[in-house]
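Everything on this sheet refers to the single structure shown next.
The values are calculated or read from the model by the stated rules, or taken from the named source; none is laboratory data. Bear in mind that the values here come from a model prediction, so they are computed numbers and not experimental data. Every residue, glycine among them, receives a Cβ derived from its backbone with ideal geometry; neighbour counts consider all protein chains shown. With ligands, DNA and RNA removed, areas are computed over all heavy atoms of the protein, side chains included. Shrake-Rupley method; radii C 1.70, N 1.55, O 1.52, S 1.80 Å.
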Protein chains: 2
Amino acid sequence: PVARQTSCRYVSKAAAKTQMEFEYDGPSMKTEVPGPRSKELTKQLGEMQNVGAINFFCNYEESRGNYLVDVDGNRMLDYRHLLHPYWLSAFVNRPALGIMPPENFPEKLSESLLSVAPSGMSRVQTMACGSCSNENAYKAMFIWYRNKERGHNIPSDEDMSSCMINQSPGCPDLSILSFMGGFHGRTMGCLATTHSKAIHKLDVPSFDWPIAPFPKLKYPLEEFKRENAQEEARCLEEVEDLIVQWRQKGRPVAGIVIEPIQAEGGDNHATPDFFKKLRNIARKHGSAFHVDEVQTGGGATGKFWAHEHWGMDDPADIVSFSKKMLTGGFYHKDELQADKAYRIFNTWMGDPSKNLFLAEVLNVIRRENLLEEVTRSGKTLLQGLYQLQDQYPNMLSSARGQGTFCAIDIRDDATRNSIILKARDKGVLLGGCGERSIRFRPALVFKEYHVHMFLNVFSDVLAEHN
Amino acid sequence: PVARQTSCRYVSKAAAKTQMEFEYDGPSMKTEVPGPRSKELTKQLGEMQNVGAINFFCNYEESRGNYLVDVDGNRMLDYRHLLHPYWLSAFVNRPALGIMPPENFPEKLSESLLSVAPSGMSRVQTMACGSCSNENAYKAMFIWYRNKERGHNIPSDEDMSSCMINQSPGCPDLSILSFMGGFHGRTMGCLATTHSKAIHKLDVPSFDWPIAPFPKLKYPLEEFKRENAQEEARCLEEVEDLIVQWRQKGRPVAGIVIEPIQAEGGDNHATPDFFKKLRNIARKHGSAFHVDEVQTGGGATGKFWAHEHWGMDDPADIVSFSKKMLTGGFYHKDELQADKAYRIFNTWMGDPSKNLFLAEVLNVIRRENLLEEVTRSGKTLLQGLYQLQDQYPNMLSSARGQGTFCAIDIRDDATRNSIILKARDKGVLLGGCGERSIRFRPALVFKEYHVHMFLNVFSDVLAEHN
């Protein structure tokens, strides 16, 4: 740790020294603010997100001490920069992206997040984590829904005054429909749609929102087509019933949120047909359709987004992400963009340094054809799990997966946990999900020979348990 | 921008190359997992936060490709690392701090956040942003409150089953008392306690939680002692009434949240006497007391935490922070620590790289005596504002502040906005808050000569408006 510390300190001290040695001697204005370059960049970014709160774009490299330099070369004495208190180095600067983004922000968004935007979506809003991404996606759906209800007229005085004291109509009685077994985060809005484990929810006040059953399918899916289709139809019927019930209750469903694969809840799959019909139900009832790809997005299913397996041109109104994407955020259709600045907003709005890394990660994925690699490794993995399941029918069942996003059920919770620990002692890290599943979440660089290495260890562990 | 891009790409490519060139050829186990070093570090970190979810500590420098190396030298094939998908570089690795923190994490927490812990608090939980910090602080207060109600017995079966469907008693009807004009964030739990501007809250469902009046004081405080004391007494009485009312309604107040200075709401101050009495009311009614220092923390008031101006040994049960601290999070008393892992939790739990920078920032603050500097500059600034207010009594009023955390009221909103724009054209960046205030939020390195530079520009702008 000594070497590591020293190198960290070195970077920071050098930066601090620069700051001490060099400060401008006063403001210097070249253009109006925002100047032409800021205006041009605001226009560019306006194609990607709401820019109503942006003052101007900053040149953080030239900014020093108490002076902020904008992209038009204006140097201003900064009486308001809450956010980069000492300019120790470029990394300490966490710009307030919603107000004063750096010059390369639109370019980096294009190279990174927008280069992998889901079908039908050209806009993206970054956020710091998965929970914030979903919270803000829900807010976007509520705002969109209420704007429709108001016929896109401006809010009434009653709207404006009642919202200040948490009352309707300003804070409306709207709901988000979620699925039993779903996981969408742990902040209070998200948590009202999370239903995977009691420990996440216990003792936290919640909202009276509808919760539909998620299909409990039999695997392999292609061997139980008829039964599975019946189960999916049952769940879809329940969804429509709930939408009607909650409308009658006076808490209309503004949006439906679902994972393409319920991950935390036990790697529960559904068929493309289910998702297509669900998306149509949302459309029919005027609810937004939000696909939560926080766990599934980024390539592990063999496609960049798991919902691409559904084969739809218009799969969703909102797609949220985090984790593998290195930054949180959500894509959305144009009409889901909040109509005013500061409605979908926070101080940091993510961290632009993560976009730089993501652009490079995406280059590696493309250069190394990692999605094909994942598809190949995933097929080998699932095949291996099927074989082990045939070999140990009393211990293993329901092997399932897409790409390397795989899981298998173990006899019971105790055996599951014992297998995880034994595998760890042999140098293989596994994780659990649901009540008695083991889930596989390898990196995208997991190759076929890693699969074989794993299957050998797993087979040894199973033999010890039989 | 060309040079900048190239240098970014250089860093990333070099790292990617390393990853391609070098991967281990298989797992290698040296000790049980967790080994002795992991156990020792878990014990250390256990003094600072809940460690129930930690598996082991990682050596991220030695980890490569599909292999995770722990601090005891065990090399494991990683089938579960959701979070550092391609190991492009140390900065791409956003470790899941709650499960597999890096080796230096306890040490860096001690050097950074814990070295400035508020009085009476030895524990800290990092989070990615201010909203997540407050959301999780609220959850900690709810969990603490319900544990008291249950007499610290384990939750009932009804608790466990009802929480899964958002119903009480598992999701209890508890509330957080907040203040009109307060700002605590924009995710749905926080937003229910935010009451500064309608645009933040409009169209988002909320909770029926009590909202107390924040004292509307006259400035300078020392000239209106008697009237201000009456106003504060009125507000405190209302707080107690609301606590009783909400208990009778079946929504007891689990916690009270307040800013030491209402920032977004218009730089509203209250006296130390008010906060002392409020803290006692919280104690008397068994509610937790949460001081939100997201805006005020980090030194701008001339003390590291604004609540230190109250002069109390036991100022709060929870203190949340973000912004100037570079990372979000909250300090809390031992008894506010959740009793189990995964209750206060998320994937990233902040970003440890921010702790490294914060440690260095704190060194600069100490070395340069920046808090004294702030106190000196702040005095000069406030003195200058008083003089301008005497000179322009029809335009300016209520100059107020602590350290450089200052504000002044302008005649009306239109004049305020015009002054901000004119100052910007002269190279001085100002911000607004509340309905018609200008707020000052300079960096800690803002010296007296910067104050004079500002006062000259401000004086010119005012002369143009008179």
### Task
Please enumerate the residues belonging to region A:339-365 that are closer than 28 Å to A:I261 by Cα and out of contact with any Ser or Thr (no Cβ under 9 Å at 6 or more places or on another chain).
A:I344, A:I365
### Query
In region A:241-250, is there at least one residue being buried (at least 23 other Cβ atoms within 10 Å of the Cβ) and either on the phi > 0 side of the Ramachandran plot or not in a helix (DSSP H, G or I) (or both)?
no
#### Entry: Check on A:V319, in the same structural domain as A:D273 (by the TED database), touching a strand residue (DSSP E or B) at 6+ places or on another chain (Cβ under 8 Å), part of a strand (DSSP E or B) and under 24 Å from A:V374 (Cα atoms)
yes
### Task
Report, ordered by the first and then the second residue, all pairs with beta carbons closer than 9 Å, sequence separation of six or more or different chains, a first member in region B:304-319 that is more than 17 Å from B:L114 (Cβ to Cβ), and a second member that is open to solvent by 50 Å² or more (accessible area, probe 1.4 Å) and assigned to a strand (DSSP E or B).
B:A306/B:Q402; B:H309/B:Q402
### Message
Against the definition (in the same structural domain as B:M325 (by the TED database) and either surrounded by 22 or more Cβ atoms within 10 Å (Cβ to Cβ) or on the phi < 0 side of the Ramachandran plot (or both)), how does B:V361 come out, yes or no?
### Response
yes
## Note on the structure
B:E238 fails exactly one of (1) open to solvent by 40 Å² or more (accessible area, probe 1.4 Å); (2) within 30 Å of A:A192 (Cα to Cα); (3) without any contact (Cβ under 8 Å) to a residue 40 or more places away in the chain, namely (2)
### Task
Return yes or no: is A:N417 farther than 24 Å from B:S63 by Cα, within 13 Å of chain B (Cβ to nearest Cβ) and more than 26 Å from the chain's Cα centre (by Cα)?
yes
#### Entry: Among the residues listed as B:A288, B:A263, B:A254, the single one being surrounded by 23 or more Cβ atoms within 10 Å (Cβ to Cβ), out of contact with any Ser or Thr (no Cβ under 9 Å at 6 or more places or on another chain), within 14 Å of chain A (Cβ to nearest Cβ) and touching a residue at least 60 places away in the same chain (Cβ under 8 Å)
B:A288
### Query
Limited to region A:332-343, what total is found for residues that are within 20 Å of A:G170 (Cβ to Cβ) and either among the hydrophobic types (A, V, I, L, M, F, W, C) or at the interface with chain B (Cβ under 9 Å from one of its Cβ atoms) (or both)?
5
### Summary
Going through region A:49-74 in order, the residues found to be open to solvent by 40 Å² or more (accessible area, probe 1.4 Å) and within 12 Å of another protein chain (Cβ to nearest Cβ) are A:G52, A:N55, A:E61, A:E62, A:R64
### Task
Could you grab me the full set of residues in region B:420-447 that are of a type in the set (K, R) and within 27 Å of the chain's Cα centre (by Cα)?
B:R436, B:R439, B:R441, B:K447
## Note on the structure
Filtering region A:182-193 for residues that are more than 16 Å from B:P205 (Cβ to Cβ) and touching a helix residue (DSSP H, G or I) at 6+ places or on another chain (Cβ under 9 Å) leaves a count of 3
### Message
What pairs come out if I take residues in region A:162-189 that are among the hydrophobic types (A, V, I, L, M, F, W, C) and pair them with residues that are open to solvent by 40 Å² or more (accessible area, probe 1.4 Å) whose C-beta lies under 7 Å away, six or more apart or interchain?
### Response
A:L174/A:R251
### Task
Return the pairs, sorted by first residue and then second, in which the second residue is assigned to a loop (DSSP other than H, G, I, E, B), the first residue lies in region A:387-399 and is over 14 Å from A:L455 (Cα atoms), the beta carbons are less than 7 Å apart, and the residues are 6+ apart or on different chains.
A:N394/A:R411; A:M395/A:R411; A:M395/A:N466; A:S398/A:Y219
### Task
Could you tell me which residue of region A:108-128 is farthest from B:C190 (Cα to Cα), considering only residues that are assigned to a helix (DSSP H, G or I) and within 10 Å of chain B (Cβ to nearest Cβ)?
A:E111
### Query
Looking at region A:291-309, which of its residues are within 22 Å of A:G255 (Cβ to Cβ) and either surrounded by 24 or more Cβ atoms within 10 Å (Cβ to Cβ) or modelled with pLDDT under 95 (or both)?
A:V291, A:D292, A:E293, A:V294, A:Q295, A:T296, A:G297, A:W305, A:A306, A:H307
### Message
Regarding region B:453-466, can at least one residue be identified that is surrounded by fewer than 18 Cβ atoms within 10 Å (Cβ to Cβ) and in contact with a Ser or Thr (Cβ under 7 Å, 6 or more places away or on another chain)?
### Response
yes
### Task
Please determine, by comparing only the residues of region B:88-107 that are open to solvent by less than 20 Å² (accessible area, probe 1.4 Å) and within 9 Å of chain A (Cβ to nearest Cβ), which one is modelled with the highest pLDDT.
B:R94
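Residue by residue, here is whether (1) under 15 Å from A:L77 (Cα atoms); (2) out of contact with any strand residue (DSSP E or B) (no Cβ under 7 Å at 6 or more places or on another chain); (3) hydrophobic (A, V, I, L, M, F, W, C) holds:
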residue: B:P352; (1), (2), (3): no, no, no
residue: B:F357; (1), (2), (3): no, yes, yes
residue: B:V364; (1), (2), (3): no, yes, yes
residue: B:Q387; (1), (2), (3): no, yes, no
residue: B:S398; (1), (2), (3): no, no, no
residue: B:G401; (1), (2), (3): no, no, no
residue: B:I420; (1), (2), (3): yes, no, yes
residue: B:G434; (1), (2), (3): no, yes, no
residue: B:H465; (1), (2), (3): no, yes, no
### Message
So, A:N268, is that one open to solvent by 10 Å² or more (accessible area, probe 1.4 Å) and either within 21 Å of the chain's Cα centre (by Cα) or away from every other protein chain (no Cβ under 13 Å) (or both) or not?
### Response
yes
### Task
May I ask you to list the residues in region B:344-368 that are more than 7 Å from chain A (Cβ to nearest Cβ), in contact with a helix residue (DSSP H, G or I) (Cβ under 8 Å, 6 or more places away or on another chain) and not in a helix (DSSP H, G or I)?
B:I344
#### Entry: Filter result (of a type in the set (G, A, S), crowded, with 24+ Cβ neighbours inside 10 Å and away from every other protein chain (no Cβ under 14 Å)) within region A:310-331
A:A316
### Query
Can you tell me which of B:G35, B:G46 is out of contact with any Asp or Glu (no Cβ under 6 Å at 6 or more places or on another chain), surrounded by fewer than 21 Cβ atoms within 10 Å (Cβ to Cβ) and modelled with pLDDT of 75 or more?
B:G46
### Query
Condition test on B:Y331, is it hydroxyl-bearing (S, T, Y), over 24 Å from the mean Cα position of the chain (by Cα) and outside any loop (DSSP other than H, G, I, E, B)?
no
